[in-house]
Amino acid sequence: MKITIGSDHGAVALKDEIKTVLGEFPDIEVTDVGTFGTDSVDYPDIAEKVCSAVSSGQADRGIVLCGTGIGISIAANKINGIRCALATDVYSARMCREHNNANVLALGGRVTGFGPAGEIVRVFVTTEFTGGRHARRVEKIMALEGKQK
Ligand code: RB5
């Protein structure tokens, strides 16, 4: 599985921790699009880099991080093909895969500690979409992209 990851300046340390967690999985290849330091950057730019990799098929899934995870998840969900879930607990991480087929996970570097975030990521990368009635709902979500002007 190819995963593209990116954060703004509010979550660089958590991004590094998540890369270590992803290193536990031999089949996962990680591409880090930055940012890499403490200089302020704009989270929509990071969301665009990660999510364009996912929507183009270059990456199978994405992980986006900012201080809260809120701004970058809002930005991510503006990009065609993206279903981004902000998760602060393991149950939500499992449900966003099983029910929503989320292809991007958002985390908040100033909200979620390393331990819980690591568990959230492990669940996000190992849980499959259930399909069935959930597939119909996900199709309806994606159809909204074409309905809006
Ligand atoms: C940056 O200071 C902060 O606004 C950002 O990381 C994020 O929390 C926005 O939602």
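Listed values, structure above:
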item: Nearest 10 degrees, 0 to 90: helix 43-55 Cα axis against the chain principal axis; result: 50 degrees
item: Selection from G6, T20, C51 lying farthest towards where the dipole of the range 1-68 points positive, charges on Cβ; result: C51
item: Degrees, to the nearest 10: 114-126 long Cα axis against longest axis of the chain; result: 40 degrees
item: Placed amide H near S7: partners under 5 Å, 5+ positions off or other chain; result: G34, T35, L65
item: Local electrostatic count at E128 - Lys and Arg +1, Asp and Glu -1, tallied over other residues with Cβ under 10 Å; result: 0
item: The chain: angle of helix 133-147 to the longest principal axis, Cα-based, in degrees nearest 10; result: 80 degrees
item: Only Lys, Arg (+1) and Asp, Glu (-1) charged, at Cβ; the range 4-149 dipole about Cα centre in debye; result: 800 debye
item: Long-range HN-HN contacts of H99 with modeled amide H, under 5 Å; result: T130
item: Phi-based couplings in Hz for the range 13-28 (Karplus 6.51, -1.76, 1.60; Gly and Pro marked x); result: 5, 5, 4, 4, 5, 5, 5, 5, 4, 5, x, 5, 10, x, 8, 9
item: Gyration tensor over alpha-carbon atoms, the chain, equivalent ellipsoid semi-axes in Å; result: 23, 18, 14
item: For A59, residues with placed amide H under 5 Å, excluding near neighbours; result: V54
item: Longest segment of the chain lacking GluC sites (Glu not before Pro) that sit in a DSSP loop with at most 14 other Cβ atoms within 10 Å; result: 25-127
item: Label-point separation in nm, I70 to D16, each point 7 Å along Cα→Cβ; result: 2.7 nm
item: Whether the range 1-65 is rounded, prolate or oblate, judged on the alpha carbon gyration tensor where a/c under 1.5 counts as rounded; result: oblate
item: Karplus (6.51, -1.76, 1.60) ³J(HN,Hα), θ = phi - 60°, over the range 82-92, in Hz, Gly and Pro reported as x; result: 9, 10, 9, 10, 8, 10, 10, 8, 5, 4, 5
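Taken together, the values in this text are just the output of simple stated rules run on the coordinates, not laboratory data. The structure displayed is predicted, hence computed values, not measured ones. We place every Cβ from the backbone using ideal geometry, glycine too, and count neighbours over all the protein chains shown.
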